[in-house]
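The values are calculated or read from the model by the stated rules, or taken from the named source; none is laboratory data. Remember, it's a predicted structure, so these values are computed and weren't measured experimentally. Neighbour counts run over all protein chains shown; Cβ positions are idealised from the backbone, glycine included. These area figures cover heavy atoms from the full protein model, side chains too; ligands, DNA and RNA do not enter into them. Shrake-Rupley method; radii C 1.70, N 1.55, O 1.52, S 1.80 Å.
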Amino acid sequence: MSFTIPRASSALITAMVALSVAGVVTADAPGGANDLEGFSSAAAAAEMRLEQRFDADLSAADLRTWMQQMSSAPNHVGSAHDKANAEFQLAKFREWGWDASIETFSVLYPTPREVSVELVAPTHFKALLSEPPIEGDSTSSQTKDELPPYNVYGADGDVTAELIYVNQGMPDDYKELERAGISVKGKIALTRYGGGWRGLKPKLAYEHGAVGCLIYSDPRDDGYGAGDTYPKGGFRPRDAVQRGSVQDLTLYSGDPLTPGVGAVPGAKRLALKDAKTLLKIPVLPISYADAEPLLAALGGRVAPAAWRGGLPLTYHIGPGPAQVHMKVLSDWNQKPIYDVVAKIKGSDEPDRWIIRGNHHDGWVFGAMDPLAGQVALMAEAKSIGKLLKEGWRPRRTLVYSSWDGEEPGLLGSTEWAEQHAAELKVKAVMYVNSDTNGRGFLQAEGSRALQHFLSEVARDVKDPETGASVLTRALAHRRVSAYDSAGSGDSAARAGANGDLVLGALGSGSDYTPFLQHLGINSVNLGFEGESQYGVYHSAYDSFDHYRRFVDPTFEYGVALAKVAGRIMLRASQAQLIPVHESDFAASIAGYDEELHKLADGMRSKTRELAKLQDDESYKLTANPDYPRSPPSRVADVPYLNFAELDNAVAKLEQSAKAFDQEYARLDAAGDAAGSAERERVNSSLTILEQNLTDSQGLPGREWYQHMIYAPGLHTGYGVKTLPGIREAIEERRWDEANQYIGVVSRALNNYSARMDRAIAAP
């Protein structure tokens, strides 16, 4: 499900190399014998030797061969090739010495029987709704087992109505329509990708009265506005369609009929009418070739400048005179999904699990998404299997998982996590996720407590293009980007100033979601991006031929991902102390707390300024009679919230984290001389520490999301909201709820601090 960022410019790369050569970034030195978090000096030296052996068995040729085979036919949920890929991986895991099996779940997975979109007035046009073969793409003609482009979990429907263009279909767009006196009630909403998660577009359209929704990819974003289109370049050609799920993942992920429990025989299942994550209106994705005649037929006022895309026409809003007939009929059946789960039992701490995951299902052929990440995971498993056969065994248990059904709604990972929830809450130390993988710069998100650990790993892996470490290159990219965007060297200096990666917070959009946000398991997400020409997201052209030409031609960045993720897995499973640096986490929470203060203060100032503009009739005086537009609605003043409890909890967290890190450093330096009971007390606490940040009541209106620090935003979808119970209540002006969740979050932070305090207390 993950996106990539645009290719870096040659100027950017030159600037980064210059920084590295000049010594501005000095993170290239490899780890020394006692420079690995959680390892004694002798253990660290042994670990470095082990990782050299691990690297020696990683092969770009393997990744290329596996991707070509696994992307050779459509591999969506329910396809024969999806099952074949699971069985292929199972055989490989077993060949490499892992204890592997396939766990099967039965999930609701509707597939289209009939889809159509027609412009019926003022002219006639029938949308193609398919992706024709492209010269040089060997799989693009294999349409026999391919599903037509569609949005899974949209409703069935047969509707004819006026068309209306709603830009990206986000809340602010509907506010703009309201100010212009334009209603979408009874209309079919046409929206373009971008601005927020696709599932919010038809949901918001329905909430505003629309009877259907069409979503198109505008060429300004990932088509010819971004670069040459496929096959000349890597960007979206005119007939390419971005498929995708529109399940309401902001409520819960996984099978819509079995929230909170595994979708196994005997599981209690909801009736279709009671499944809250299913959409209420029909929705279809279309190409920009199919969208162009629809947009050209619209009348009404000209769209605001920010709403205009890259098609050669004047963008109008409507509604009408364009009228559209759309039809979606589906088979609403259950289908099996196949999770491949492989384990190597730990020698000393078998009941502590380090879990690695990537999904293997795609929308069609899925070379970039997800197989680029999946083949890296397989390379790790192969190399670790060789170490196992040579007599090595990890201290803690390794679990490698190839999930099915991620694209429809994180089905495989969620059902497995829900089915094994009780065991995972006791045993799972860390979940390490990847999804897509391209070329360029290491991107990492996760808990800031893992920031230094991941930075150590990134320091010890070389970037294939520059020879610098992937840490050095990532920090250089951050500095140059900060300078270019802010125009200030100060901003550049602040980015990664301590020589560590700055981990982003996790929202949703990939398989870490059930582990982190439902169960409270410390999680990270990894991948390389920034230089690939990848404009074929979720289309039939996400193929092996496209990948080898425009994404990672040598597959060396797949090897680099395997080196990064493999080191995380090896070190987390081997370290005498589970690697963390809690002061980094405390600093991130202090930053989120400060953001909330500024959010409330900023809203208060803006509310007062709006009242002044309304009182002195500024909106009336500046109105354009050709395009009438009412002023924003008047809103009540913003009260002063009681942040004291949260501020005190943050201060206590910083104090406890500092004390914990000091004791951790003492035990780390002592190595084998430290008492095993002391190390065990720390490790035992760290195994379940993240769960202290959860609350069994969950977030308002979505109890499945139980993590109080990170969640996907109700109006962003994939995008993260930190301290979401408080932040979203402030944004939506629910002041009593904001004060309530200040208390909930404060208690969670205090529980986290207390757990750290107990871990280092003298027995």
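Summary table below
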item	result
Residue list for segment 535-570, restricted to those being within 30 Å of Tyr193 (Cα to Cα), hydroxyl-bearing (Ser, Thr, Tyr) and over 20 Å from the mean Cα position of the chain (by Cα)	Tyr541, Ser543, Tyr547
Single unsatisfied condition, Ser447 versus (1) open to solvent by 10 Å² or more (accessible area, probe 1.4 Å); (2) at negative phi	(1)
Selected residue (criterion: most open to solvent (accessible area, probe 1.4 Å)) from residues of segment 104-113 that are farther than 10 Å from Tyr150 by Cα and part of a strand (DSSP E or B)	Arg113
Criterion (touching a Pro at 6+ places or on another chain (Cβ under 8 Å) and buried (at least 20 other Cβ atoms within 10 Å of the Cβ)) met by exactly one of Met708, Met756	Met708
Unmet requirement for Gly244, which otherwise passes all of (1) without any contact (Cβ under 8 Å) to a residue 12 or more places away in the chain; (2) closer than 21 Å to Pro112 by Cα	(1)
Any hit, segment 193-204, residues being touching a Lys or Arg at 6+ places or on another chain (Cβ under 6 Å), farther than 30 Å from Ala421 by Cα and modelled with pLDDT of 95 or more	no
Whichever residue in segment 261-271 is over 25 Å from the mean Cα position of the chain (by Cα) and crowded, with 16+ Cβ neighbours inside 10 Å and, among such residues, is nearest to Tyr206 (Cα to Cα)	Leu270
Near pairs, Cβ below 8 angstrom, 6+ apart or cross-chain, from segment 594-621 (over 10 Å from Val638 (Cβ atoms) and open to solvent by less than 80 Å² (accessible area, probe 1.4 Å)) to any residue that is among the aromatic types (Phe, Trp, Tyr) and in a helix (DSSP H, G or I)	Leu613/Tyr619
Segment 519-536, subset under 24 Å from Arg356 (Cα atoms) and in a loop (DSSP other than H, G, I, E, B), residue most open to solvent (accessible area, probe 1.4 Å)	Asn522
Yes/no for Leu147 being more than 16 Å from His538 (Cβ to Cβ) and either surrounded by fewer than 20 Cβ atoms within 10 Å (Cβ to Cβ) or in contact (Cβ under 8 Å) with a residue 60 or more places away in the chain (or both)	no
Any hit, segment 102-111, residues being farther than 30 Å from Ala155 by Cα and either at pLDDT 95 or above or under 24 Å from the mean Cα position of the chain (by Cα) (or both)	yes
Single unsatisfied condition, Ala91 versus (1) in contact with a Phe, Trp or Tyr (Cβ under 9 Å, 6 or more places away or on another chain); (2) surrounded by fewer than 20 Cβ atoms within 10 Å (Cβ to Cβ)	(1)
3 or more residues among the basic types (Lys, Arg): qualifying helices (runs of 4 or more DSSP H) within segment 596-713	644-670
Only one of Asp62, Asp82, Asp55 that is modelled with pLDDT of 95 or more, open to solvent by less than 10 Å² (accessible area, probe 1.4 Å), of a type in the set (Asp, Glu) and not in a loop (DSSP other than H, G, I, E, B)	Asp82
Enumeration of residues in segment 112-140 that are acidic (Asp, Glu), under 30 Å from the mean Cα position of the chain (by Cα) and closer than 30 Å to Gly254 by Cβ	Glu131
Hey, Gly209 assigned to a loop (DSSP other than H, G, I, E, B) and within 23 Å of Leu177 (Cα to Cα) or not	yes
Residue count, segment 154-204 (criterion: of a type in the set (Ser, Thr, Tyr), more than 17 Å from Val120 (Cα to Cα) and buried (at least 24 other Cβ atoms within 10 Å of the Cβ))	1
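Every residue, every condition in (1) open to solvent by 10 Å² or more (accessible area, probe 1.4 Å); (2) under 30 Å from Ala56 (Cβ atoms), yes or no:
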{"residue": "Lys273", "(1), (2)": "yes, no"}
{"residue": "Ala296", "(1), (2)": "yes, no"}
{"residue": "Pro319", "(1), (2)": "yes, no"}
{"residue": "Ala322", "(1), (2)": "no, no"}
{"residue": "Asp348", "(1), (2)": "yes, yes"}
{"residue": "Gly373", "(1), (2)": "no, yes"}
{"residue": "Ala376", "(1), (2)": "no, yes"}
{"residue": "Lys386", "(1), (2)": "yes, yes"}
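Conditions (1) in contact with a Leu (Cβ under 9 Å, 6 or more places away or on another chain); (2) touching a residue at least 24 places away in the same chain (Cβ under 8 Å); (3) open to solvent by 10 Å² or more (accessible area, probe 1.4 Å), marked per residue:
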residue	(1), (2), (3)
Tyr547	yes, yes, no
Val551	no, yes, no
Thr554	no, yes, yes
Gly558	yes, yes, no
Leu570	yes, yes, no
Ala575	yes, yes, no
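The rows are residues; the columns are (1) open to solvent by less than 20 Å² (accessible area, probe 1.4 Å); (2) within 23 Å of the chain's Cα centre (by Cα).
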position	(1), (2)
Ala670	no, no
Gly675	no, no
Gln697	no, no
Glu703	no, yes
Ile730	yes, no
Trp735	no, no
Ile742	yes, no
Arg747	no, no
